[in-house]
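For reference, the structure is listed below as structure tokens.
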Amino acid sequence: MKKRIKKMKNDHPVGQLKAITDFLPPPEELAPAEEMVKVTLAVDRSCFDFFKSMATKVGGKYQKMMREVLRGYAEHYAGKSH
């Protein structure tokens with residue numbers, strides 16, 4: 001037996017509406033800020049396995065996660081002299 005779905009006679013909202021804040025970043029933050037350079041990099045198996053499993057867990061890409069970590073490290077130490 002098929003369940004019947006009642007069609008609305010108009011397209012007006014039903015019920016009480018609630019405004020939500022915009023949670024998306026502005027367009028300029030969606031694109032990479034700098035030119036990307038492709039590199040070949042050898043990493044420890046445990047390091048690779050960690051990023052790969054975390055990416056699978058959160059539904060992301062392990063390469064992007066690794067880039068973010070490298071970017072954060074570089075930004076942290078960019079202005080410091082040793």
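Scanning the range 21-63 for residues that are farther than 24 Å from GLU75 by Cα, of a type in the set (Val, Ile, Thr) and either at pLDDT below 80 or surrounded by 10 or more Cβ atoms within 10 Å (Cβ to Cβ) (or both) yields one hit, THR56. Scanning the range 22-75 for residues that are in a loop (DSSP other than H, G, I, E, B) and of a type in the set (Phe, Trp, Tyr) yields one hit, PHE23.
The values are calculated or read from the model by the stated rules, or taken from the named source; none is laboratory data. Small disclaimer: the values here were computed from a predicted structure and weren't measured. Neighbour counts run over all protein chains shown; Cβ positions are idealised from the backbone, glycine included.
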